[in-house]
Amino acid sequence: MITLEPPYDHTSTRVQLVGRHPTPADSADWSVESHVRARCPPVFLAQAQDDRISDIANSRIMREACDRAEVPVEAHAFAAGGHGFAMGRPGTDSADWPNLYAGWLRRVGIPA
């Protein structure tokens, strides 16, 4: 989860972190996108569009936060893979993410 802000705040993660009725300040404080600053490291995002646990909007929100802060970001939204697809679900495009990640690591100067 990236955001705990409405309308994406109906998750068990939100309840576990800030309770059932958090203040707007608590939701913002625990939302990752609220803490993206220019000094943050590059970000790689990979998520399946059919993820039923974490709305795909989380990746979009994080990508937009990185763009605003001028933090290098690479985002991949796979058509299928569900939630927690580990090294990729065979037979889905989520299986491509490890190779995409390795290429991104090389491009940002981190040995894969």
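Odds and ends about this structure:
- Overall Cα dimensions of the chain, principal axis frame, Å, largest first: 41, 34, 18
- Amide H contacts of Phe78 (H built 1.01 Å from N, under 5 Å, at least 5 apart or other chain): Gln47, Ala48, Gln49
- Per-residue Karplus couplings for region 56-64, computed as 6.51 cos²θ - 1.76 cosθ + 1.60 with θ equal to phi - 60°, are listed in order as 4, 4, 4, 5, 4, 4, 5, 4, 5 Hz, Gly and Pro entered as x.
- Percent RCO, i.e. relative contact order, over the chain, from Cα pairs under 8 Å lying at least 6 residues apart: 23 percent
- Per-residue Karplus couplings for region 89-102, computed as 6.51 cos²θ - 1.76 cosθ + 1.60 with θ equal to phi - 60°, are listed in order as 7, x, x, 10, 5, 5, 5, 7, 5, x, 5, 4, 5, 4 Hz, Gly and Pro entered as x.
- Mean-position separation - Cα centroids, region 1-68 and region 76-110, in angstrom: 20 Å
- Coil-residue GluC sites (Glu not before Pro) of region 35-80, DSSP, other Cβ within 10 Å capped at 12: Glu70
- Computed helical MRE - 222 nm, the chain, DSSP H runs ≥ 4 contributing -39500 (n - 2.57), nearest 500: -9500 deg cm²/dmol
Every read-out reported here was derived from the displayed coordinates using simple, explicitly stated rules and does not represent laboratory data. Model, not experiment: these values are computed from the prediction. Positions of Cβ are generated from backbone atoms using ideal geometry, with glycine treated the same way; all protein chains shown enter the neighbour counts.
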